[in-house]
Amino acid sequence: MKEKERELVRFGVSMPQDLIERFDRVIAEQGYGNRSEAIRDLVRKELLQPERLPAASAVAGTVVIVYDHHVSDLSKQLTELQHDYHHDIISTMHVHLNHDQCLEIVVVKGAYGRLFRMTEAIRVLRGVTYAELSVSHIEGEGGGHAHGHGHSHGQG
Ligand code: NI
C-alpha cells in the first residue's frame with residue numbers, strides 16, 4: 001500500500017495564464033516550493049470534504065448562520081428548526097452583529113446526513129444570508145448513535 005502511495009504519476013494541466021499567475025502568487029505566499037505540492041494538498045483537501053462522507057458518518061462541528069432578525073417569523077423559524085434537531089445540537093451562540101444582522105454559531109454532533117439537511121433547511125429561509133456546515137469526522141464512531149442510551153431521531 002505504502003509503495004503505491006509513493007509512486008508518483010505525472011500529468012499535464014492546461015490553465016489560463018492569469019489563473020496560474022494568481023495561483024503561483026498565492027502558493028508562494030503560503031510557502032510552497034512548487035506547484036506539485038500545492039496541487040497535491042488541494043486534491044487531498046477536496047477528497048476530505050464532508051460532502052464526500054457517507055450520510056451515516058458520525059461528525060462534529062459547527063453551523064455558522066448570518067441572518068436579518070427583522071425578517072418576520074425568521075427568528076421563530078430558526079428556533080423551531082433547532083428544536084427539531086435538538087438531539088444533534090450541543091450549543092448555540094448568538095451574536096448581535098449590528099442593528100439588523102445576527103450571527104449564530106451552532107455546535108453540532110451527529111450523523112452527517114442529518115446535519116447537512118438541517119443546514120440546507122436553514123439556508124433556504126428568507127432573511128438568511130449565510131449558512132455553512134463545517135464538520136470533522138469523529139474517528140472510530142460509525143453511525144449516528146455513538147452514545148449508549150437509546151432515543152429516536154425523528155424529525156418534527
Ligand atoms: Ni441578534
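Things to note:
- Being touching a residue at least 12 places away in the same chain (Cβ under 8 Å), within 30 Å of ARG126 (Cβ to Cβ) and touching a Leu at 6+ places or on another chain (Cβ under 7 Å) holds for only one residue in VAL95, VAL71, VAL63, and it is VAL63.
Every residue, every condition in (1) at pLDDT 80 or above; (2) assigned by TED's automatic domain parsing to the domain that holds HIS69; (3) under 16 Å from the mean Cα position of the chain (by Cα), yes or no:
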residue	(1), (2), (3)
CYS102	yes, yes, no
VAL107	yes, yes, yes
ARG114	yes, yes, yes
ILE122	yes, yes, yes
VAL128	yes, yes, no
SER152	no, no, no
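- Residue that is surrounded by the most Cβ atoms within 10 Å (Cβ to Cβ) [pool: residues in segment 62-104 that are of a type outside the set (Ser, Thr, Tyr), more than 16 Å from the ligand (Cβ to nearest atom) and assigned to a loop (DSSP other than H, G, I, E, B)]: ASP88
- Selection from segment 121-139 of residues that are in contact with a strand residue (DSSP E or B) (Cβ under 8 Å, 6 or more places away or on another chain) and away from the ligand (no atom under 16 Å from the Cβ): ARG123, GLU132, LEU133, SER134, VAL135, SER136, HIS137, ILE138
- Hits in segment 105-120 - residues which are buried (at least 21 other Cβ atoms within 10 Å of the Cβ) and either within 16 Å of the ligand (Cβ to nearest atom) or part of a strand (DSSP E or B) (or both): VAL106, VAL108, GLY110, ALA111
- Among the numbered conditions (1) more than 30 Å from GLU7 (Cα to Cα); (2) within 17 Å of the chain's Cα centre (by Cα), the only one that ARG52 does not meet is (1).
To keep it simple, each residue is scored yes or no on (1) assigned by TED's automatic domain parsing to the domain that holds PHE116; (2) farther than 22 Å from TYR112 by Cβ; (3) in contact with a helix residue (DSSP H, G or I) (Cβ under 7 Å, 6 or more places away or on another chain).
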| site | (1), (2), (3) |
| --- | --- |
| SER36 | no, yes, no |
| LEU53 | no, no, yes |
| THR62 | yes, no, no |
| HIS69 | yes, yes, yes |
| GLN77 | yes, yes, no |
| GLU80 | yes, yes, no |
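The values are calculated or read from the model by the stated rules, or taken from the named source; none is laboratory data. In this text the structure is predicted, and so the values were computed from the model without any measurement. Because the Cβ atoms are built from the backbone with ideal geometry, glycine has one as well, and the counts that use them run over all protein chains shown.
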